[in-house]
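K.L.:
Provided herewith is a single structure, encoded as structure tokens, for subsequent inquiry.
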Amino acid sequence: MAKEDDAELLEVSGRMVRISSPSKAYFTRGVHLTKLDIVRYFLAVAPGALRGIQDRPVVLKRFVNGAEAEPFYQKRAPSDLPEWMRTVTLSFPSGRTAEEVVVDDAAGIAWIVNLGCMELHPHPVRTGDLDHPDELRVDLDPQPGVAWTDVRAVAMEVKALLDELGLVAWPKTSGSRGIHINVRIEPRWGFTEVRRAALALARAVEKRCSLASSKWWKEERHGVFLDYNQNAKDRTTCSAYSVRPLPDARVSTPLRWDEVMTCDPADFTVLTVPDRFAKIGDPHAAMNDYAGVLDALLELAARDESEGLGDAPWPPHFRKMDGEPARVQPSKSRVSATRKKPAQPGGENPEPAAGPPKKGRRQPAMPLIVIAQSPDKASAEAGLERWKQQHPEAAALLAPDDILVDRMRGASYVWYRIRVNLRHIPETLRPPQGTPDPDDDPTRAWRETREES
């Protein structure tokens, strides 16, 4: 290791990697860690981290000001990419393309971590075949108020189903409140078919387990949501050994199945995982040896479709897909109701009221109001607390899953919208929709321009 001005030069995999501002604080609210500490962590677990990221295009999620500031997403490779790192041209649903970074060795990991990439976000494809994923991803996303024991129970139900279908599953903590289950597959199916298989899996688990939900819209979910859309093209999840921006520097950690029902995600941090890795190695070391096929899951999908259960909503930035239902949240669905006269004596059918029904009027299926929206999550959460103080009677009646925190993702940024479902509040006590506080919607100017054109 050598010093160069305010930088450290590390020799990694036979290459020199420059770490700028190595003493820059990355975590301060719980543990205290610098950028160099994060780099050293990744080098300690590099063989495991490479297993999830190697030979794949990577979206750079950059925490340039540390874990306590908002990150931004960068799809295109930086202009100062070292000559020993490579890129691959990836196409997106929008029709655009980008040269994305590919990591081949531990030096590559150190280089992107120097850019602030603590969460590693690889696509589920290899550079030799960008159209056919070699991984099916099951993202278990607990809704507000759902206990960790419920997440683990749903994970075991997923394993039981995948076992029955002849697929080998590999669990890991998400590094937050959920669990990720990855399945290596033969690269024979396109993104649409892999997502179709993931949707069939989510629906099958939902039928078997009352704790599970396959519903896309947050207001319809309960328990643990199986996010099938993580398998759509251009979607990524954090890979194994990623560091999450929580105060304790928690890590998305591979598990053995016999650990799932007893583990605590808080046990796996930047400070503890290197020792675990040194003692037991990587529980997912054999993952690449078990590439399965999707035939059984696609048969489940075909059965669902034959019974009238078609496609489910896609992510909002995708074009409307064939067979997809209306992409509008239930609370904003358009309802045309025909008013009827009271039944006449003698049981005659009532006739419609005079005049045609009004079309296109939005009738809210659920009483949702927007409380706050901001690029800064803390500011949005502070707005929610102010709303609760202004409406204490209503706030006291809210269930945990009545508060919907939407993490909205743009091309290179994220922002947060907080909504409240007033379903448990009597109509006489329901606060009206007011101006969100704060009301910083970064898409507003774009939407207004589009509406004017």
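K.L.:
Return the pair list, or none, for Cβ contacts closer than 6 Å from residues in the stretch 388-407 that are crowded, with 17+ Cβ neighbours inside 10 Å to residues that are among the basic types (K, R) and at pLDDT below 85, at least 6 apart or on different chains.
P.N.:
Qualifying pairs under 6 Å: L404/K218.
K.L.:
Assuming D37 fulfils every condition listed in (1) in contact with a helix residue (DSSP H, G or I) (Cβ under 7 Å, 6 or more places away or on another chain); (2) in a helix (DSSP H, G or I); (3) acidic (D, E) apart from one, which condition is it?
P.N.:
That leaves (1) as the condition not met.
K.L.:
Considering the stretch 271-297 alone, what residues qualify as being among the aliphatic types (A, V, I, L, M) and either within 23 Å of the chain's Cα centre (by Cα) or over 19 Å from K207 (Cα atoms) (or both)?
P.N.:
Residues satisfying the conditions are L271, V273, A278, I280, A285, A286, M287, A291, V293, L294, L297.
K.L.:
State whether one or more residues within the stretch 142-152 are farther than 26 Å from L246 by Cβ and not hydroxyl-bearing (S, T, Y).
P.N.:
No; the residues of the stretch 142-152 include none that is farther than 26 Å from L246 by Cβ and not hydroxyl-bearing (S, T, Y).
K.L.:
Say we look at the stretch 85-98 and pick out the residues that are modelled with pLDDT of 95 or more and not aliphatic (A, V, I, L, M); which of these is surrounded by the fewest Cβ atoms within 10 Å (Cβ to Cβ)?
P.N.:
T89
K.L.:
Moving on to the next point. Kindly check whether there is at least one residue in the stretch 224-246 that is more than 22 Å from E135 (Cα to Cα) and modelled with pLDDT under 95.
P.N.:
The answer is no; no qualifying residue exists.
K.L.:
Go through the stretch 82-97 and give me each residue that's under 28 Å from the mean Cα position of the chain (by Cα) and in a loop (DSSP other than H, G, I, E, B).
P.N.:
Taking the stretch 82-97 and keeping what is under 28 Å from the mean Cα position of the chain (by Cα), we get 85-97.
Within the stretch 82-97, M85, F92, P93, S94, G95, R96 qualify.
K.L.:
Which of (1) among the aliphatic types (A, V, I, L, M); (2) surrounded by 12 or more Cβ atoms within 10 Å (Cβ to Cβ); (3) more than 30 Å from R407 (Cα to Cα) is the odd one out, the single condition A278 does not satisfy?
P.N.:
All conditions are met except number (2).
K.L.:
Would you please name the residue that is farthest from P400 (Cα to Cα), looking only at residues in the stretch 175-216 that are assigned to a loop (DSSP other than H, G, I, E, B) and within 18 Å of the chain's Cα centre (by Cα)?
P.N.:
The extreme case among them is G175.
Condition check ((1) in contact with a helix residue (DSSP H, G or I) (Cβ under 7 Å, 6 or more places away or on another chain); (2) surrounded by fewer than 17 Cβ atoms within 10 Å (Cβ to Cβ)) across all residues:
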{"residue": "R76", "(1), (2)": "no, yes"}
{"residue": "L120", "(1), (2)": "yes, no"}
{"residue": "H123", "(1), (2)": "no, no"}
{"residue": "V151", "(1), (2)": "no, no"}
{"residue": "L161", "(1), (2)": "yes, no"}
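K.L.:
Confirm whether E219 is surrounded by fewer than 18 Cβ atoms within 10 Å (Cβ to Cβ) and more than 13 Å from the chain's Cα centre (by Cα).
P.N.:
no
K.L.:
Tell me which residues, restricted to the stretch 60-81, are without any contact (Cβ under 8 Å) to a residue 60 or more places away in the chain and either within 30 Å of V31 (Cβ to Cβ) or assigned to a strand (DSSP E or B) (or both).
P.N.:
Of everything in the stretch 60-81, those that are without any contact (Cβ under 8 Å) to a residue 60 or more places away in the chain and either within 30 Å of V31 (Cβ to Cβ) or assigned to a strand (DSSP E or B) (or both) turn out to be R62, V64, N65, G66, A69, P78.
K.L.:
Hey, can you tell me all the residues within the stretch 364-388 that are assigned to a loop (DSSP other than H, G, I, E, B), touching a Ser or Thr at 6+ places or on another chain (Cβ under 6 Å) and under 17 Å from D440 (Cα atoms)?
P.N.:
Scanning the stretch 364-388 gives no hits.
The values are calculated or read from the model by the stated rules, or taken from the named source; none is laboratory data. What you see is a predicted model, and the numbers here were worked out from it, not measured in a lab. A quick note on method: Cβ atoms are made from the backbone with ideal geometry, for glycine too, and the neighbour counts reach across all protein chains shown.
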